[in-house]
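Taking it in order: structure first as structure tokens, then the write-up.
What follows is calculated from the coordinates using simple rules that are stated; it is not laboratory data. Quantities reported herein were computed from a predicted structural model and do not represent experimental measurements. Note that each Cβ is placed from the backbone with ideal geometry, even for glycine, and that neighbours are counted across all protein chains shown.
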Amino acid sequence: MEESVVTYNAFHHVAWGTTISVYFWLVGASAGSFVISSFGWVFGLKRYKPLAMTASATAIVMLLIVPILLTWDLGKPVRFIYLLIPGYWHSTGPMAWGTLLICTYPMSMMVYSYFVIKNDPTFARITGIVAIVLALSTHWYTGVVMELNPGRFLNHTALAPLLFLTGAFISGIGLMNVVVWVRNFFLPEEKKIDWALIHEMAQFMMYGIVFDIFLLYLDFMQTTYGNQNEVMGHDVVLMQVFRFPYLWLELVIGLIIPLILLTTPLKRSKSVAILASLLVAVGVYGMRVWWVMGGQYLQSFY
Amino acid sequence: MGNQEIQPKIPRSYGLQTPGSKGVAGKKRYAMVIDLRKCIGCMSCSIACKTEYGLPLGVWRTWVKVVDKGKYPNTKRVFMPRLCNHCDYPVCVRNCPTQATYKHEDGFVLQRYNRCIGCRTCMVACPYNARHLLPEKRTDDNLPRMVVDKCTFCIHRVKKGLVPSCVQACVGGARLFGDVNDPNSEVAKLVATETVTVLKPELGTSPSVYYIGADWEIMDEPHSYTNRTDQMVDEFNDFKRNHKGDAFADIIEGEPLMSEVGKNWMGFLRTIPHKAKETLHAFKIFLFD
């Protein structure tokens, strides 16, 4: 067989790195936590009301870190203001919309939290609906910003926003369960959140895990039955270079082990529910790593 | 007639930017034809470009990819000069959040440094690796820094009736430049009569850099990864170690991945001092000048 080797080519950097993957994880965990917060006040599930403030506070804290990371990741941090100025703002750029969402989502959460503290169910419901739409849109956008790059074969799939949202939902629950567990250590007995709620949340998380595995299976089918670049994306990027975040961190640690823990009688144990929650929260970060960095990896050699 | 597939059947319009102008009567559409039968791989084009724009180390607006084929003694070396394809439907223009990159009505895809925020969205969007981030340290403080840069088809020369510097420097006459919408131009005649190809036509970007006599393997993206020499692997690793950009996600092959992710995070933290300095400088100008 004739040999054919690349003996010279220019070298290229991968443009988006750890900062962006951490941002995707934070915004996802924030959106997921906020969905839990809205159960009681927006969807009328009263038994979830005690969770609302903890979940909302977790979501706000997660999201307050995001602008710092994103602004500092810019080559020109001061120019972040251009993203908000008419005349600069570009309606076809997904990031332009994302900026608006990142600005409005925390504000809407704060307004919602104010009405929750004031115990005003009407306004809490109205502002909660707005906030939940913004929460989902903010995380949906992170999938879209990666999806709308037709040259990045691993990212260019309509499954991207769904994968991101499902990851957000389960990592948000996971993170919030851990926060509640830690919080319960420091509170008097009457203010502690009931463990039954944590177990219910863990059940929700389990349904999310099943759906996430299903979505990953669909993605697996697309890449393995796809074109040459998609197959390379799966065989080289996911199964070799990014094997740890994809196979071990996301699939095994973040999805399969928690699924086993939550579908067996072990799930009745508090420690198991918290362990599964922690594993899911950490495992979803693996997805953010391979999605952001892996998607750009192969092309840096082209 | 084999060239019809490079013209998209369905015109696209990407938001606020100039619509595609290839084949539109009364419009200019500058394009480059690279006749690879004449390319000798001397890299004069890369040097001319570097000199024209004073490009720093580690970044290229144009470069020449080289592939060695065959087995001794029956060997062949093939070349492929690469540059921005000045797409008729550029993804980078569509995705830029601040309109820093735009498409000129004559077909040039250009970058406005004063609008660029350095978010690198266009670098992620570009399927051809045609964009780079200018480093923080430059030889002259007045030169642009930490913004994205790219080939301009030497618009400053073209507007004065000259050809781009890479075309001027090409010793074999492999690079040709002109208005592809003008049927009397050399590029239009070549595109009409020769079998030309473009890079990644399946993406629908309608590139304006046409190749004559391109080898399929040198155009292939997976081939660039799977068929590298060991020397290329080492050199790329060295490049990643020594050419530290700001918060780039470079993975050094052979190193544990998560340690590379951690190092990448540290790289981000290392940018804090110089970005803080620049931020303070900007506020000082805003408040006192």
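Axis angle, to the nearest 10 degrees, between helix A:195-224 and the longest C-alpha principal axis of chain A: 20 degrees.
Computed from Cα atoms, the angle from the helix A:159-186 axis to the main principal axis of chain A rounds to 40 degrees.
Of the peptides B:196-205, B:19-28, the order by per-residue mean of other Cβ atoms within 10 Å, starting with the highest, comes out as B:196-205, B:19-28. For peptide B:235-243, the mean count of partner chain Cβ atoms within 10 Å of a residue's Cβ comes to 2. Under 5 Å from the amide H of B:K65 lie the amide H atoms of B:M80, B:R82, each residue being 5 or more positions distant or on a separate chain, with H modelled from the backbone and absent for Pro and chain starts. Peptides B:146-154, A:112-120, A:150-158 ranked from most to least packed give B:146-154, A:150-158, A:112-120, packing being the mean of other C-beta atoms within 10 angstrom over each peptide's residues. When only the Cβ of Lys, Arg, Asp and Glu is charged (+1, +1, -1, -1), the dipole of the protein assembly as shown relative to its Cα centre reaches about 1260 debye. Calculation over all alpha carbon pairs of region B:229-289 in 10 angstrom steps from 0 returns a P(r) of 20, 36, 22, 14, 7, 1 percent. Model label sites at A:L64 and B:Y53, defined 7 Å from Cα along the beta-carbon direction, differ in position by 4.3 nm.
A full extension of the chain between B:H274 and B:Q231 corresponds to an added length of 12.1 nm, given 0.36 nm per residue minus the alpha carbon distance.
So how tilted is helix A:18-41 from the main axis of chain A? Cα-based, degrees 0 to 90, rounded to 10. Around 30 degrees separate the two axes. Using the alpha-carbon positions of the protein assembly as shown, Rg (one decimal) and Dmax (whole number) come out as 26.0, 87 Å. Once the C-beta distance of B:K160 and B:W265 is scaled by a Förster radius of 56 Å, the resulting FRET efficiency is 0.75 to the nearest 0.05.
On full extension, the segment bounded by A:T263 and A:I213 gains 16.5 nm, given 0.36 nm per residue less the C-alpha separation. Sorting the segments A:213-221, B:94-102 by their mean number of nearby beta carbons within 10 angstrom, highest to lowest, gives B:94-102, A:213-221.
Note on A:S33, B:S44: ascending count of other Cβ atoms within 10 Å places them as B:S44, A:S33, the fewest first. Positive end of the charge dipole of region B:4-227 (Lys, Arg +1 and Asp, Glu -1 on Cβ, about the Cα centre): tell me which of B:G54, B:M219, B:P90 has its Cα farthest that way. Comparing the listed Cα positions along the dipole, B:G54 ranks first. Put a dot 7 Å past the Cα of A:Q228, heading toward its Cβ, do the same for B:K38, and the two dots end up 2.8 nm apart. Separation of region A:7-49 and region B:122-187, taken as the distance between their Cα centroids, equals 38 angstrom. A cut-off under 12 angstrom between Cβ atoms defines the neighbours of A:A168, and their net charge, with Lys, Arg +1 and Asp, Glu -1, is 0.
At the listed q of 0.07, 0.13, 0.14, 0.16 Å⁻¹, the Debye profile of chain A, built from one uniform point per Cα, gives log10 I(q)/I(0) equal to -0.29, -0.93, -1.06, -1.30. Remark on B:Y210: its backbone amide H falls under 5 Å from those of B:M32, B:V33, B:I34, a criterion applied only to residues 5 or more positions apart or on other chains, H modelled at 1.01 Å from N. Close amide H contacts of B:R228 (hydrogens built in the peptide plane, cut-off under 5 Å, sequence separation of 5 or more or a different chain): A:V6. Quick one: which of B:K28/B:K150; A:K49/A:K270; A:K118/A:K192; B:K69/B:K103; B:K69/B:K200 span more than 30 angstrom between C-alpha atoms? B:K69/B:K103, as the Cα separations exceed 30 Å there.
The HN-Hα couplings worked out from phi for region B:124-136 by the Karplus form 6.51 cos²θ - 1.76 cosθ + 1.60 (θ = phi - 60°) are 5, 6, 5, x, 10, 6, 8, 10, 9, 9, 6, x, 6 Hz, whole numbers, x standing for Gly and Pro. A cut-off under 11 angstrom between Cβ atoms defines the neighbours of B:L257, and their net charge, with Lys, Arg +1 and Asp, Glu -1, is -1.
Sort chain B into rounded, prolate or oblate with this rule: let a ≥ b ≥ c be the square roots of the eigenvalues of the Cα gyration tensor; rounded if a/c is under 1.5, and if a/c is not under 1.5, prolate when a/b is larger than b/c, oblate otherwise. Oblate, since a/c reaches 1.5 and b/c is not below a/b. For region A:290-301, putting each phi into the Karplus relation 6.51 cos²θ - 1.76 cosθ + 1.60 with θ = phi - 60° gives couplings of 5, 5, 6, 7, x, x, 9, 4, 4, 5, 5, 9 Hz, in residue order, rounded to whole numbers and with x for Gly and Pro. Shown for A:S271, A:S137: other C-beta atoms within 10 Å of each C-beta, ranked fewest to most, produce the order A:S271, A:S137.
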